[in-house]
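Dumping the structure here so I can ask a few things about it.
The values are calculated or read from the model by the stated rules, or taken from the named source; none is laboratory data. Not measured: the values here are computed from a predicted model. Cβ sites come from the backbone with ideal geometry, for glycine too, and all protein chains shown count toward neighbours.
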Amino acid sequence: MLNIQGLNQFHGASHTLWDLDLEIPEGQCSCIMGRNGVGKTTLLQCVMGLLPVASGRMDYLGRDLLKQSAEQRARLGIGYVPQGRQIFPLLTVEENLRIGLPARSDRQRQVPDFIFELFPVLKEMLGRRGGDLSGGQQQQLAIGRALVIDPKLLILDEPTEGIQPNIVAEIGDIIRRLNRELGLTVVLVEQKLPFARRVADRFCILDRGRSVATGAIDRLDETLVKEYLTV
């Protein structure tokens, strides 16, 4: 579905991504892993068109993604849940959800009912401001907002960060349902190894801006964990 080849990115004089190759298979859940500061969020922001790419290729469903603006990438069916959620705190839950509607290809102008089936708490709080929600509720809102565009590819940057354990479990259940029952392709950055093993099919480990290991999640052995993931 998404094929990245030879991707290079710079932040000022710092070379942040080095000739990075990554293949995201359609219908699977792929987890990007690595210690803090190795380029995981930078990679996602490049995919979303939020950071410039120095060189390389990025093809999505046969399209050259590097030629598409950030807005066009959403219209192509790429949903994005950024690190830290980044909901609009002064807008209501309903207003936050409706923001994604213009990106839908079917021009639907109502928030789909299945969003509230996945996240019943959002229906109960439609009139509340996003900033008044708990951290876990804000994360559910951020995922719901990304799903409103009816994505083919859902990208989540550390969806369990700062979330209470019961909500982490719920988010894991939802990712598994979206991926395995509804066929949505998922890419997530995740630090929690048990969560990654539970929801992902594949992994890619980054180290110093390079892809150093990829494969099926059940092939992620303790040698790789100790070398690249243990703090």
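Say we look at the range 217-231 and pick out the residues that are in contact (Cβ under 8 Å) with a residue 40 or more places away in the chain and part of a helix (DSSP H, G or I); which of these is nearest to Leu188 (Cα to Cα)?
Ile217
For the range 34-51, which residues satisfy the criterion of being out of contact with any Lys or Arg (no Cβ under 7 Å at 6 or more places or on another chain) and farther than 17 Å from Leu2 by Cβ? Steps first, please.
Just the residues of the range 34-51 that are out of contact with any Lys or Arg (no Cβ under 7 Å at 6 or more places or on another chain), to begin with: 35-37, 39-47, 50-51.
Scanning the range 34-51 gives Arg35, Asn36, Gly37.
Cβ-Cβ distance below 7 Å, separation of 6 or more or different chains: which pairs start in the range 1-26 with a residue that is over 23 Å from Gly77 (Cβ atoms) and end on one that is surrounded by fewer than 16 Cβ atoms within 10 Å (Cβ to Cβ) and of a type in the set (A, V, I, L, M)?
Sorted first by the residue in the range 1-26, then by its partner, the pairs are Asn8/Ala54; Gln9/Ala54; Phe10/Ala54.
In the range 2-36, how many residues are part of a loop (DSSP other than H, G, I, E, B), of a type in the set (Gly, Ala, Ser), more than 21 Å from Ile175 (Cα to Cα) and at pLDDT 95 or above? Give the derivation first.
Keep residues of the range 2-36 that are part of a loop (DSSP other than H, G, I, E, B), which gives 12-13, 25-28, 34-36.
Subsequent filtering for residues that are of a type in the set (Gly, Ala, Ser) retains 12-13, 27, 34.
Okay, now just the ones that are also more than 21 Å from Ile175 (Cα to Cα), so 12-13.
Then keep just the ones that are at pLDDT 95 or above; that gives none.
Matching residues across the range 2-36 total 0.
Each row is one residue, and each column tells you yes or no for (1) surrounded by fewer than 17 Cβ atoms within 10 Å (Cβ to Cβ); (2) over 18 Å from Leu153 (Cα atoms).
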{"site": "Pro82", "(1), (2)": "no, no"}
{"site": "Leu91", "(1), (2)": "yes, yes"}
{"site": "Glu94", "(1), (2)": "yes, yes"}
{"site": "Gly100", "(1), (2)": "no, no"}
{"site": "Ala103", "(1), (2)": "no, no"}
{"site": "Lys123", "(1), (2)": "yes, yes"}
{"site": "Leu133", "(1), (2)": "no, yes"}
{"site": "Gly136", "(1), (2)": "no, yes"}
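Return a yes/no flag: does the range 38-57 have any residue that is loosely packed, with under 14 Cβ neighbours inside 10 Å and assigned to a helix (DSSP H, G or I).
no
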